[in-house]
Ligand code: KDG
């Protein structure tokens, strides 16, 4: 008899919860745009997010994962979110610097030296502080995902020493820190949207580019790039953002579902990205890329050149934020 009552109680609670769920959610279509191909770490994470949202809203909120920059480049999608013409996107923090200058912190060469440091900094008070600068500009940041450590590819010659960078026309993300960094290395830095990169490499409009192994693999850059130099010169995050115009129309329950799904997909995405990165370099070699590591002395010379931009980043993001980031990193490094 007691078992029957207990079962009835559980069933009633479940039905109530479902009933509350249905009441809290309106039928909504969420266009979630991204720039990489569907079969990439970025695409897999967006689809994971979509499933989580549909599960949590009983199918009321449907997320359309739209990749390949079909909704536009990162900067075009950012404007669509601000205008309320698109609900969500994930893209590079580097292309957000024109909207929120403090995002340039994440472009700093050799700021972050490990995944542990990245997660601690991005998911802690510094990451939150930078993310919050988006809201007054019309975008709400939900979570940072991992793009990864960036490495150099080109079609001219292997880059084994600093001087080998001279004269290489190198595509960089549209942001002054990347422009200044690669000019400091002696390259001819050319800012281009990611959506135009493959064609620019294929037509030799540019000689090279820099991106994590995962992107070099999923975007098939190995088809149009011969040389890969392991530099790990900067850790690049992506950030999941929502149109504030649309966000402000949502109920607290709907906002919580999106926030929770963004954090859950962050854990999925980081694991997927790191698992794939561990295998990607071997795959790129199998695809015919000639891979070289820099000798320590040469890596040191490049690092010395690249860290000359640190002072200008500190000015553009603000000395207070710069110091907070350095202090946070010192704490992570001390807590072995
Ligand atoms: O849309 C793809 C971009 O957000 C991201 O991959 C940025 O790393 C990037 C690049 O090189 O543009």
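Worth a mention:
- Residue within segment 151-164 that is touching a helix residue (DSSP H, G or I) at 6+ places or on another chain (Cβ under 7 Å), within 15 Å of the ligand (Cβ to nearest atom), modelled with pLDDT of 95 or more and under 28 Å from residue 317 (Cβ atoms) present: yes
- Listing of helices (runs of 4 or more DSSP H) fully contained in segment 110-200 that carry 3 or more residues being under 16 Å from the mean Cα position of the chain (by Cα): 115-122, 125-132
- Taking (1) within 12 Å of the ligand (Cβ to nearest atom); (2) over 28 Å from residue 278 (Cβ atoms); (3) part of a helix (DSSP H, G or I) in turn, residue 95 satisfies each apart from (2).
- Test: residue in segment 55-66 that is within 14 Å of the ligand (Cβ to nearest atom), under 20 Å from residue 26 (Cα atoms) and in contact with a helix residue (DSSP H, G or I) (Cβ under 7 Å, 6 or more places away or on another chain): yes
- Qualifying positions in segment 315-336 - surrounded by 13 or more Cβ atoms within 10 Å (Cβ to Cβ) and not in a helix (DSSP H, G or I): 318
- Annotation: residue 63 fulfils all but one of (1) outside any loop (DSSP other than H, G, I, E, B); (2) at pLDDT 95 or above; (3) surrounded by fewer than 16 Cβ atoms within 10 Å (Cβ to Cβ); the unmet one is (3).
- Flag if residue 187 is crowded, with 21+ Cβ neighbours inside 10 Å and either more than 11 Å from the ligand (Cβ to nearest atom) or within 28 Å of residue 89 (Cα to Cα) (or both): yes
- Applying the condition of being surrounded by 21 or more Cβ atoms within 10 Å (Cβ to Cβ), free of Cβ contacts under 8 Å to residues at least 60 places away in the same chain and more than 9 Å from the ligand (Cβ to nearest atom) to segment 194-236 and asking which residue is nearest to residue 301 (Cα to Cα) yields 208.
- Residue in segment 9-47 that is farthest from residue 255 (Cα to Cα), counting only those that are touching a strand residue (DSSP E or B) at 6+ places or on another chain (Cβ under 9 Å) and at pLDDT below 90: 26
- Matching residues in segment 201-239 - criterion: being out of contact with any strand residue (DSSP E or B) (no Cβ under 7 Å at 6 or more places or on another chain) and not in a loop (DSSP other than H, G, I, E, B): 202, 211, 215, 217, 218, 222, 223
- If the condition is being surrounded by 11 or more Cβ atoms within 10 Å (Cβ to Cβ) and either without any contact (Cβ under 8 Å) to a residue 24 or more places away in the chain or touching a strand residue (DSSP E or B) at 6+ places or on another chain (Cβ under 7 Å) (or both), then segment 283-314 contributes 284, 285, 289, 290, 291, 292, 293, 294, 300, 304, 314.
The values are calculated or read from the model by the stated rules, or taken from the named source; none is laboratory data. Given the structure is predicted, the values throughout are model-derived calculations rather than measurements. Every residue, glycine among them, receives a Cβ derived from its backbone with ideal geometry; neighbour counts consider all protein chains shown.
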